[in-house]
Amino acid sequence: MKNFYTKIIVNIKPTIKDIKGLTLKQAISNLVTVKDLKCSVGSFYALNFTAEDETEARNIVEKIAQEILSNEVIETYEIMLEEQKE
Amino acid sequence: MSKLKVGIITFLGTNCEQDTKRACEFFGWDTEFIWQNDKIEKKYDLIFIPGGFSYGDHISSGRIAKLSPAVKSLPIGKTLIVGICNGFQILCEAKLLPGALTDNQNIKFISKVSELNFYDVTLNSSPPLVSELGRGLQGRVSLMRP
């Protein structure tokens, strides 16, 4: 068995208005002037787990990302997966 | 009409189950709670998923509740299932209703009276059951048929 570490970032799809991003942009504008500011707000998840190999690890993370961490109708996700050496 | 048997699913964070039960009992319906971790094995005429903040709305509203044994064992196509507020969110997350919920488009809280439309679904008990549900809403309910 191998140790794996994964980071998953979930974002709203580009076709959907990012209301949280717009709210953040408004709040930043009230604090400081920033030219050409664009904001995007998403979610970050980090997991540690063990698996036989990278294929199994990736399958596990994909399932978690698809079923729990994101809603495919309105969100996308990115996975960064790495094996942790002892 | 015979006494309806009603189940109300509750989760950690549900806060409207007592209101829902009280409303059902007002109509004389036989009502009981269904805990999130219990599979639905009894036969109900009607199942409510009430409002609140199941699992604290963590990850996203209804996202974790959709994975519960109670939701996964819902008798789809056999029983009328009503999702109220967070219950509606859970049904969307579970793909039992189409689409997904996003933030309000104008970054503001919206509080308006809305018309409620009931779509006739092909359940054997459907027309009388839907009429029962609409009885308390008077004038704000239209029964629509596909």
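Note on segment B:73-94: among residues that are touching a helix residue (DSSP H, G or I) at 6+ places or on another chain (Cβ under 8 Å) and either free of Cβ contacts under 8 Å to residues at least 24 places away in the same chain or not small (Gly, Ala, Ser) (or both), the one that is surrounded by the fewest Cβ atoms within 10 Å (Cβ to Cβ) is B:Val82. Restricting attention to segment A:2-40, the residues that are within 12 Å of chain B (Cβ to nearest Cβ) and over 17 Å from B:Lys108 (Cβ atoms) total 6. So is A:Glu56 away from every other protein chain (no Cβ under 14 Å) and of a type in the set (D, E, K, R) or not? Against the criterion (away from every other protein chain (no Cβ under 14 Å) and of a type in the set (D, E, K, R)), A:Glu56 qualifies.
Residue under question is A:Thr23, and the condition is that it be within 23 Å of A:Glu75 (Cβ to Cβ) and not basic (Lys, Arg); does it hold?
Numbers: within 23 Å of A:Glu75 (Cβ to Cβ): yes; not basic (Lys, Arg): yes.
So A:Thr23 passes the test.
Among what's in segment A:62-86 and is in a strand (DSSP E or B) and of a type in the set (S, T, N, Q), pick the residue that is farthest from A:Thr15 (Cα to Cα). Filtering first and then ranking leaves A:Gln84. Within segment A:59-81, at least one residue is within 14 Å of chain B (Cβ to nearest Cβ) and over 15 Å from the mean Cα position of the chain (by Cα). Within segment A:33-45, the residues that satisfy the criterion of being of a type outside the set (S, T, N, Q) and surrounded by fewer than 11 Cβ atoms within 10 Å (Cβ to Cβ) are A:Lys35, A:Asp36, A:Lys38, A:Phe44. The residues on offer are A:Asn3, A:Asn11, A:Asn48, A:Asn30, and the sole one that is out of contact with any helix residue (DSSP H, G or I) (no Cβ under 9 Å at 6 or more places or on another chain), on the phi < 0 side of the Ramachandran plot and surrounded by 15 or more Cβ atoms within 10 Å (Cβ to Cβ) is A:Asn11. Residues that are touching a strand residue (DSSP E or B) at 6+ places or on another chain (Cβ under 9 Å) and in contact (Cβ under 8 Å) with a residue 40 or more places away in the chain within segment B:34-57 comprise B:Asp45, B:Leu46, B:Ile47, B:Phe48, B:Ile49, B:Pro50, B:Gly52, B:Phe53, B:Ser54, listed in sequence order. Looking only at segment A:13-47, residues that are at pLDDT 95 or above, touching a strand residue (DSSP E or B) at 6+ places or on another chain (Cβ under 9 Å) and not in a loop (DSSP other than H, G, I, E, B) come to 5 in all.
The values are calculated or read from the model by the stated rules, or taken from the named source; none is laboratory data. None of the values given here were measured: they were computed from a predicted structure. Methodologically, a virtual Cβ is constructed for each residue, glycine included, from the backbone with ideal geometry; neighbour enumeration extends over all protein chains shown.
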